[in-house]
Every structure is written in structure tokens, then in C-alpha cells.
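First the structure, in the form of C-alpha cells, and then the observations on it.
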């Protein structure tokens with residue numbers, strides 16, 4: 001059973017999950033099959049038996065579950081960081097705090113096409129992924145053991161992806177993570193001072209200033225943050241004040257998929273299809289942050305390494321200003 | 001001039017330092033010389049002119065500055081993240097906060113031997129490095145523009161080192177970084193509750209429990225933290241309560257260099273000389289945390305990648321428990 005442990009000084013939670021050690025490529029584990037070949041790929045059509053049974057699928061031809069004929073499949077992670085079975089138990093060791101690793105860890109297999117990527121200009125795959133993520137978040141929200149659900153995408157080996165077939169992940173957690181809580185606390189402090197959502201303020205300021213604005217459509221805006229930790233880091237905000245990703249309408253998600261596809265097309269050309277992490281920053285499950293939190297997407301290409309200085313300080317060195325990165329992306 | 005920018009939501013500071021773009025290997029910059037060869041290495045004896053003039057050196061034969069004959073040299077970083085010249089100016093853009101990038105960024109070239117590493121069992125090189133770091137911190141502490149000095153070592157390309165010749169870095173900052181402040185706040189909360197240093201409590205508990213204790217000598221203790229973010233993450237604590245690295249006696253640093261050398265020897269054998277980050281967590285310059293902060297070293301081998309989930313949540317998944325990692329290291 002995985003275990004959640006809390007750092008007694010900083011309050012950071014860590015998942016100790018020995019299950020993950022069995023994962024291909026991790027640590028010193030070697031697999032005897034080449035997973036980059038469709039025949040061996042657990043995410044390819046025909047290989048449905050290589051994954052746990054699906055929790056959701058888009059099947060336009062109404063084919064039976066766990067057989068080919070799908071456009072998108074959601075399955076539990078075969079090497080889950082957390083386990084869905086059991087009830088939440090908190091305990092301790094000496095003056096340390098821990099709890100059992102209750103949670104869900106699912107994989108959204110975004111397309112049957114083994115070689116497809118989000119750089120390929122097909123907004124349909126992105127739209128399907130967003131719709132499936134919304135459906136899964138709505139379903140998992142019903143489970144009162146979960147306090148936070150994170151949807152994220154790792155693309156490429158240097159971004160942490162162990163399989164090349166296009167996929168997104170979802171983790172439901174029994175606690176609200178520290179970094180999310182920091183964002184919420186910062187947004188609340190601004191609201192208490194100004195009675196306005198800080199994200200709405202940023203959207204308005206950036207639209208007017210037009211120094212870091214990359215793209216805009218009916219419902220969404222893409223910009224480089226004022227203080228980006230990484231070169232070419234981008235943020236995508238819904239224009240309408242909305243704390244939670246899952247209350248985004250299907251029409252808005254359509255609009256999001258096209259602006260994401262365009263943005264990734266520019267990134268692909270300028271930075272030669274880099275590995276990247278894409279994270280949906282969402283409100284906690286019990287939505288008590290409605291007035292001041294505003295869901296958004298964080299996009300970070302992997303261009304440089306995080307080194308000792310950044311780990312120790314949480315202080316990032318970025319050699320490219322957001323103004324310059326947006327200018328280069330616009331010029332593509 | 002580099003610029004410090006503050007994220008308006010989380011309060012994280014970022015250094016935007018276009019200077020760093022010129023650094024070898026960074027982004028798309030290509031260098032025409034192979035820096036892994038001693039003739040081209042700016043840290044090798046005879047190539048002193050390839051670095052800015054030294055700020056400190058150990059020269060047993062009293063040879064002149066910036067010539068061969070040194071055992072260790074400290075020089076300003078040729079591609080500094082921050083600039084030492086000028087006075088600190090805080091300003092803004094709209095509702096954003098920034099300041100000019102005042103600070104120091106130095107490199108400790110630990111040995112004239114191009115191939116040497118801390119895995120090679122020579123405690124003398126580690127001792128020289130610690131003594132030089134202490135001398136530089138004491139000197140930079142006199143500059144009232146600096147609020148925090150961080151000493152850290154990146155070993156190997158995946159840990160962020162751009163040069164292979166053994167070196168340590170030092171950055172003096174005009175603000176206390178957020179992660180350091182979090183550690184200080186956590187330690188203060190414990191002190192207010194218990195009137196005890198939380199680090200002293202951890203040292204006592206771990207010594208008695210002996211579940212995560214790797215090594216111990218007269219002045220230092222090495223253990224795996226209860227909630228490690230990374231596999232084989234280790235922490236080194238001075239046994240004596242002491243907030244600041246620079247008030248460690250030379251005798252204690254001698255003791256530290258031997259326990260570090262032994263520990264790295266075990267890591268080298270078990271994990272095949274991995275790349276790593278080593279960070280000195282020190283009290284801020286104006287030492288107002290004396291009762292509850294306790295300086296220490298964080299050691300993190302680079303074995304897996306940090307992926308989307310960790311970035312978004314600050315929630316880490318570690319597939320190896322600290323109890324298991326200590327057991328494996330002890331068995332070497």
C-alpha cells in the first residue's frame with residue numbers, strides 16, 4: 001500500500017509508492033520489449049488487455065468496452081502512485097505524520113494513433129482529451145475521500161513520460177497539495193485587499209499592456225507570465241471567471257482545444273517539438289474558493305535542467321524574458 | 001542588467017538573466033571547443049586567464065594570484081545570474097513587483113585536477129571547498145545589500161552542471177527565497193509550540209529510532225529524511241545546534257568533509273556515481289533565527305525526472321522508502 005508522508009518542517013506531502021518501482025525504465029528496472037513499437041505498446045488498439053479495464057471511453061461505433069473501436073480510453077494507471085481501495089487512515093511515527101495512500105491515478109489514452117502528438121495540429125484529439133478529463137473529474141468529485149484532482153500531461157522522456165503514445169494523466173489526492181494551497185492563499189490575500197480575482201486582474205492588465213500576450217479567442221487567452229520560472233513558460237486562462245475546470249462548458253472546451261493546438265504549433269516550429277509538461281491548475285474538490293480562484297493551464301517546455309540553486313531556494317533563473325519569448329513565438 | 005521579478009500570486013521570485021543565455025550548452029548556443037578537454041577547460045591550471053580574476057584562493061606555495069600553483073580558486077561566474085555592481089532599486093510594472101538583479105555569483109574551483117570528483121574518496125578536496133565557502137560567506141555577509149547566501153554543488157550534466165571540472169557555486173541574493181522562508185516559518189512554528197529546535201528534535205528522534213540513520217561521527221549525522229521527495233535523498237545535520245554554516249569551526253568542517261566523503265563513496269558504489277545536487281541550507285544573513293533554525297546539507301542524486309505532477313502540486317512521488325534506501329546504502 002502506498003503511503004503519504006508529511007515533511008515535518010515545510011509541510012510538503014510525499015507519496016512513497018514502491019509500486020512505481022516496477023514501472024518500465026524507472027530506476028534500474030529494464031524491460032525486455034521495445035515499448036515504442038505499436039505491437040508492444042499497451043496504449044495501442046488491439047492491446048486493450050495490456051491495461052486495467054477502462055473507466056471511460058469514447059466509442060463512436062458503440063464497440064464493447066476493452067476492445068478496439070475507441071477514439072479515446074481512460075484506464076487506471078498500471079503502476080499507480082495511489083490506490084483507490086480502502087478508507088483514509090491518518091497515523092504517525094514518533095512526531096511525524098502519515099496516511100495511507102488513498103487516491104486514484106488514471107491514464108487518458110488520447111487517440112488510437114500511436115505516432116500522434118499535440119504538435120500535429122489536430123484540435124479534435126485535444127478536445128476529446130479535455131472532454132474526457134472533465135467527465136472523469138466530475139465522476140471522481142463524488143468520492144468524498146478526495147480533496148484535490150490534478151490533470152496533467154508529460155510529453156517526451158525528459159518531461160517524465162515513460163510511454164511515447166499520446167496520453168494525459170489524472171491523480172485524485174486525499175489532501176490539497178502545498179503549491180496549490182499557496183496559489184489559493186495568494187489569490188485570497190489579493191481578494192481580501194481588492195475584492196477582485198487576481199487572475200481576472202492579470203487577464204485585464206495583460207490584454208491592455210499587450211507585452212506578454214501570445215493569443216486570444218472567444219473564451220481563452222494565452223500569455224507568458226510576468227515572472228516565468230522557465231524559458232517559454234506559458235499560461236492559458238479562461239476569460240470568464242470560473243474557479244473549476246469541470247464547470248467549463250463543452251463549447252468553451254472546444255474553444256480551448258483550438259487555441260491550445262495553435263499555440264503548440266508555434267512552439268513546435270520555434271523550439272523543434274520540445275518535451276513539455278502541461279498542468280491544469282484547478283480548484284480543490286470542495287469548491288470553497290469560488291470568488292477568488294480561477295482555473296488555468298500551465299505549459300512548460302523542458303529546455304534546461306533544474307539545478308541545485310532552484311531546488312534549494314525555489315528561486316528560478318530564466319535566461320529569456322517573457323516579452324522576448326512571446327515576440328519569438330508570434331514571429332513564427 | 002538582470003532583473004528580479006515576483007510572481008504576483010505565489011510570491012516566488014524569478015531571476016530574468018539574459019546574460020545566462022550566452023552560457024555554453026544553454027538553449028541553442030553551440031560552442032566550437034570541447035570543454036571536457038583540459039586544454040580548453042577554464043577551470044584547469046594554466047587557463048586562469050579564461051576566468052574573471054579570483055576573489056579567494058588557497059595557494060600553499062604563495063604563487064601570485066591568477067597564475068598556476070593553487071589548490072583551490074574562487075572566481076566570479078563568467079555568466080552570472082546576478083550582478084554585484086550598483087545599488088538595489090525596487091520598482092514595478094503595473095501591479096507587478098521587480099527589482100534590479102543585485103547579487104553575487106561565484107564559482108569555487110575545488111581542485112586543479114580536471115578528472116577529480118567527490119566520489120574519489122579524497123576528503124581533502126571537500127574540506128578545502130567547505131573552508132573556502134565559509135571564507136566567502138563571511139566576506140559577502142558584510143555587504144548589507146545581501147539577504148541570503150546559498151552554496152550549492154551541481155555534479156554532472158543531468159544535475160545542471162555545464163562544466164565537468166569539479167566545482168561548487170555560491171549565489172548572494174537581495175531577498176530571502178520562498179523555500180528557505182518556508183523552512184524558517186515551519187521551524188519557528190515548532191519552536192513557538194515546543195520551545196525546541198525542530199532539527200535538534202529530528203536528530204534526537206532519528207538517532208534513537210535508527211531506521212533512517214546512515215552515518216554518524218563526532219560532529220555530524222547523515223540520514224534519509226522521513227518524507228524524502230527523491231529516491232536516495234539524504235540530509236546532513238551538525239549535531240550541535242547552530243543556525244549558520246559560517247559559524248561552523250574549522251575542526252567541525254574537517255569532520256564534515258570526512259563523513260561526506262564516506263557517504264559519497266557509498267552512493268558511488270550503489271548508484272554507479274550518479275549526477276547529484278548538494279545544497280547548503282543556511283540561515284539568512286541577518287541571523288535572527290538563532291534559536292530555531294539549524295543549518296544543514298541536502299543531497300539529491302538525479303535518478304528520475306521531475307514531471308508534470310510534481311511541478312503542479314509540489315507533491316512528490318518517490319518509489320523508494322527512506323528506510324529501504326538507507327538499508328541499501330549501509331549494505332554497500
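Throughout, read-outs are computed from the coordinates displayed, never taken from laboratory work. Keep in mind that what you see is a predicted model, and the values were worked out from it rather than measured. We place every Cβ from the backbone using ideal geometry, glycine too, and count neighbours over all the protein chains shown.
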Alpha-carbon centroids, the range A:179-234 and the range B:117-159: separation in whole Å: 37 Å
Of B:60, B:225, B:174, which has the largest mean-square fluctuation in a 10 Å C-alpha GNM of chain B? B:60
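Given Cα pairs under 8 Å that are at least 6 residues apart, what percent is the relative contact order of the range A:47-94?
Details: 50 pairs, mean separation 16.4, N = 48.
Once normalised by length, the contact order is 34 percent.
Got a sec? How would B:71, B:93 order by Cβ neighbour count within 10 Å, fewest to most? Please list the in-between numbers first.
Working: B:71 17, B:93 12.
Least crowded to most crowded, the residues run B:93, B:71.
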For residue A:323, put the label point 7 Å out on the Cα→Cβ axis and report which residues of the range A:177-212 keep their amide N under 11 Å from it. A:211-212
How big is the antiparallel share of DSSP beta bridges in the protein assembly as shown, given as a percent to the nearest 5? 95 percent
What's the exposure ranking of A:87, B:288, A:17, going from fewest to most Cβ atoms within 10 Å? A:87, B:288, A:17
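Quick one: compute the contact order of the range B:87-209, relative version, from alpha carbon pairs under 8 angstrom and 6+ residues apart, as a percent.
Details: 132 pairs, mean separation 32.2, N = 123.
For the range B:87-209, the relative contact order is 26 percent.
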Theoretical FRET efficiency, 1/(1+(r/R0)^6), r = Cβ-Cβ of residue B:240 and residue A:1, R0 35 Å, to 0.05: 0.35
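In cubic angstrom, how much convex hull volume per residue do the alpha carbon atoms of the protein assembly as shown span? Walk me through the numbers on the way to the answer.
Details: hull volume 105.9 nm³, N = 664.
Convex hull of Cα atoms, per residue: 159 Å³.
Fully extended, how many nm does the chain gain between residue B:85 and residue B:113 (0.36 nm per residue separation, minus their Cα-Cα distance)? If you can, show how the numbers build up before the last one.
Numbers: separation 28, 0.36 × 28 = 10.08 nm, distance 3.22 nm.
Gain on extension, residue B:85 to residue B:113, equals 6.9 nm.
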Pick from B:82, B:214, B:303: which residue has the top mean-square fluctuation in a GNM of chain B where Cα pairs under 10 Å get a spring? B:303
Per DSSP H run of n ≥ 4, the term is -39500 (n - 2.57); total these for chain B, divide by its residue number, and report the mean residue ellipticity at 222 nm rounded to 500 deg cm²/dmol. -8000 deg cm²/dmol
Label 7 Å beyond Cα on the Cβ vector: residue B:144 copy-to-copy distances, nm: 5.8
Between residue A:49 and residue A:144, the FRET efficiency computed from the C-beta separation at R0 = 51 Å comes out, to the nearest 0.05, as 0.95
Could you identify which residue out of A:14, A:176, A:222 has the top mean-square fluctuation in a GNM of chain A using Cα springs shorter than 10 Å? A:14
Computed E for residue A:247/residue A:272 - FRET, C-beta separation, R0 35 angstrom, nearest 0.05: 0.45
Before anything else, pin down the relative contact order of the range A:174-330: Cα pairs under 8 Å, at least 6 apart, normalised by residue count, whole percent. 30 percent
To one decimal in nm, how far is residue A:191 from the same spot in the other copies, if labels go 7 Å from Cα toward Cβ? Please give the shortest first. 3.4
Sorted largest first, extent of chain A alpha carbons per principal axis (Å): 53, 52, 39
Residue A:34-residue A:78 pseudo-label distance in nm [points 7 Å out on the Cα-to-Cβ vector]: 1.8 nm
Exposure proxy check on A:19, A:233: fewest-to-most Cβ neighbours within 10 Å is A:19, A:233
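Taking the radius of gyration and the Kirkwood hydrodynamic radius from Cα positions alone, what is the Rg/Rh ratio for the range A:107-155, to two decimal places? Before the final figure, lay out each step's value.
Working: Rg = 12.8 Å, Rh = 12.3 Å.
Here the Rg-to-Rh quotient is 1.04.
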